[in-house]
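Data block below; observations after.
Please treat every number below as a calculation from the coordinates, not as lab data. What you see is a predicted model, and the numbers here were worked out from it, not measured in a lab. When we count neighbours, we look across all protein chains shown, and the Cβ atoms used for this are built from the backbone with ideal geometry, even at glycine.
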Amino acid sequence: MDTIFALATAQGRAGVAVIRISGDLAAVAAGRLMDSVPPTRGVRRLFDQDGVHLDEALVLNFPSGRSFTGEPVIELHLHGSLAVVAAVLRVLGDDPDLRMAEAGEFTRRAMENGKLDLAQVEGLADLIDAETEGQRRQALRVLEGALGVLAEEWRAKLLRAAALIEATIDFADEDVPFDVAPEVIELVHSVQASLRMEAAGVVFAERLRHGFEVAILGSPNVGKSTLLNRLAGREAAITSEIAGTTRDVIEVKMDLDGLPVTLLDTAGLRDTIDVVESIGIERAISRARSADLRVVLLETGKESPIALEDGDIVVVAKADLNNGNGVSGATGQGVDDLIAQITGVLRLRVGTIGVAMRERHRIAMLQAIDYLDSVQVALENGDFMEDLVAEDIRSAGRAIDSLLGRIDVEDILGEIFSSFCIGK
């Protein structure tokens with residue numbers, strides 16, 4: 001494979017910039033920049049082809065099998081000057097033994113060399129993109145291989161089940177000393193239950209990755225925009241005594257106790273002949289239906305302008321004017337309690353998340369469940385063809401293998417690695 005290089009830290013001025021070189025010729029190429037490549041680490045002066053001094057850098061030498069990519073890797077820790085980085089990259093780019101890395105190529109090589117499985121690659125991508133504590137923790141679990149460990153447990157049980165079934169095929173003309181069906185059913189039930197639990201949590205795992213949506217609903221002038229501004233800590237929405245000021249859905253991203261949340265301020269819900277306002281109301285209702293949680297503001301004694309559903313948080317608005325319980329965006333009364341209530345509901349949902357994080361994982365697990373359902377029905381009926389049951393078990397195992405990138409994932413690799421930066 002080609003020996004590749006790229007800037008591994010962010011573009012721009014910084015205290016330190018890291019350039020990574022990976023491949024069999026990494027040490028040879030690095031040796032052209034300095035007097036000698038350190039066996040492990042050391043400080044070296046870097047020069048171009050004409051002997052011009054470029055920088056003084058900390059050089060790290062990772063042998064094959066001990067690096068991120070699994071290949072020999074040299075890292076140059078430079079002073080983070082734009083000029084220094086540009087000069088070193090220019091020299092490396094002129095080296096005939098090197099080429100610039102493509103997006104995600106270092107990580108792809110790590111996977112191809114067995115340093116990461118595909119689920120860990122996805123976890124790494126999520127960790128890089130993490131903006132909240134909840135996202136960081138979940139991504140780190142996947143990066144550390146939690147899904148791979150679980151998949152190996154499922155796979156081992158299915159291998160045992162397949163071996164038992166195939167034993168009856170191999171010895172079809174002889175008396176098998178025991179009935180294999182009870183143990184196979186137990187193994188299949190165990191894997192099914194675990195798969196269903198993980199698949200059910202993917203919906204909320206996706207929301208944790210991309211952010212939960214919380215819609216604020218209510219009649220015109222009930223205080224939705226004022227409450228949004230209070231929650232956001234800034235004037236995100238225009239407030240006015242004129243009903244119908246909010247015409248479109250206004251979004252504000254927040255971090256609530258480590259959870260990524262997008263608050264939606266929606267148009268006031270009422271009957272109107274104003275064409276533009278009616279479009280805003282339709283959008284409000286549509287987004288509210290798809291939101292993860294709805295906060296409905298009601299004035300004292302007033303009915304809800306929208307049919308309430310299980311899980312809606314109903315709050316009395318304008319608490320500063322009626323001297324009662326509730327919430328006031330104007331004064332902040334009850335806002336902390338509302339935030340705690342919203343966070344509590346979302347925390348319960350996050351509690352159902354396992355280690356599977358993506359829709360791809362859910363689809364693969366559902367495929368495995370379908371095959372195992374067929375196995376269960378056949379075994380419980382008692383009249384089955386052993387070779388067909390064995391094939392269904394193997395098919396379930398292949399679906400599980402696809403979680404880790406062992407089979408049938410070529411069509412998604414390009415999309416995944418393209419999301420990485422060049423230096424990763």
(message) Let me see the P(r) profile for the chain: every Cα-Cα distance counted, bins of 10 Å, each bin given as a percent of all pairs.
(response) 4, 17, 18, 17, 18, 15, 9, 2, 0
(message) Based on C-alpha coordinates, I'd like the Rg and Dmax of the stretch 311-365, in Å.
(response) 17.5, 55
(message) Under a crude label model (7 Å from the Cα following the beta-carbon direction), how far is residue 345 from residue 10 in nanometres?
(response) 3.4
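Once the Cβ-Cβ distance between residue 257 and residue 79 is put in as r, and R0 is 60 Å, what FRET efficiency do you end up with, to the nearest 0.05? Write down the numbers at each step before the final one.
Working: r = 39 Å, r/R0 = 0.65.
FRET efficiency, residue 257 to residue 79: 0.95.
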(request) Please identify, among 13, 137, 358, the residue showing maximal mean-square fluctuation in a Gaussian network model of the chain using a 10 angstrom Cα cutoff. (result) 13
(message) Can you tell me the length gained on complete extension of the stretch residue 363 to residue 290, counting 0.36 nm per residue apart and subtracting the Cα distance?
(response) 24.2 nm
(request) Excluding residues fewer than 8 places away in the same chain, name every one of the lysines whose C-alpha is closer than 27 Å to that of residue 302. (result) 224, 318
(message) Straight-line reach only, C-alpha to C-alpha below 28 angstrom: list the lysines that residue 115 could link to, leaving out same-chain residues fewer than 8 apart.
(response) 157, 424
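For every other residue with a beta carbon closer than 11 angstrom to the beta carbon of residue 74, add +1 if it is Lys or Arg and -1 if Asp or Glu, then tell me the sum. Intermediate values should be presented prior to the final figure.
Working: positive: 20, 41, 44; negative: 71, 75.
Neighbourhood net charge equals +1.
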(request) With a point put 7 Å past each Cα toward its Cβ, work out how far residue 279 is from residue 303 in nm, to one decimal. (result) 3.0
(request) Find the relative contact order for the chain and round it to a whole percent, using C-alpha pairs within less than 8 Å whose residues are 6+ positions apart. (result) 18
(message) Suppose R0 equals 22 Å. What FRET efficiency, 1/(1 + (r/R0)^6) with r the Cβ-Cβ distance, do residue 179 and residue 149 give to the nearest 0.05?
(response) 0.10
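Please compute, over every Cα-Cα pair in the stretch 3-117, the percentage with a separation greater than 19 angstrom.
Working: 2699 of 6555 pairs.
Tail fraction, whole percent: 41.
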(request) Take 302, 318, 115, 224 and order them by how many other Cβ atoms sit within 10 Å, fewest up front. (result) 302, 115, 318, 224
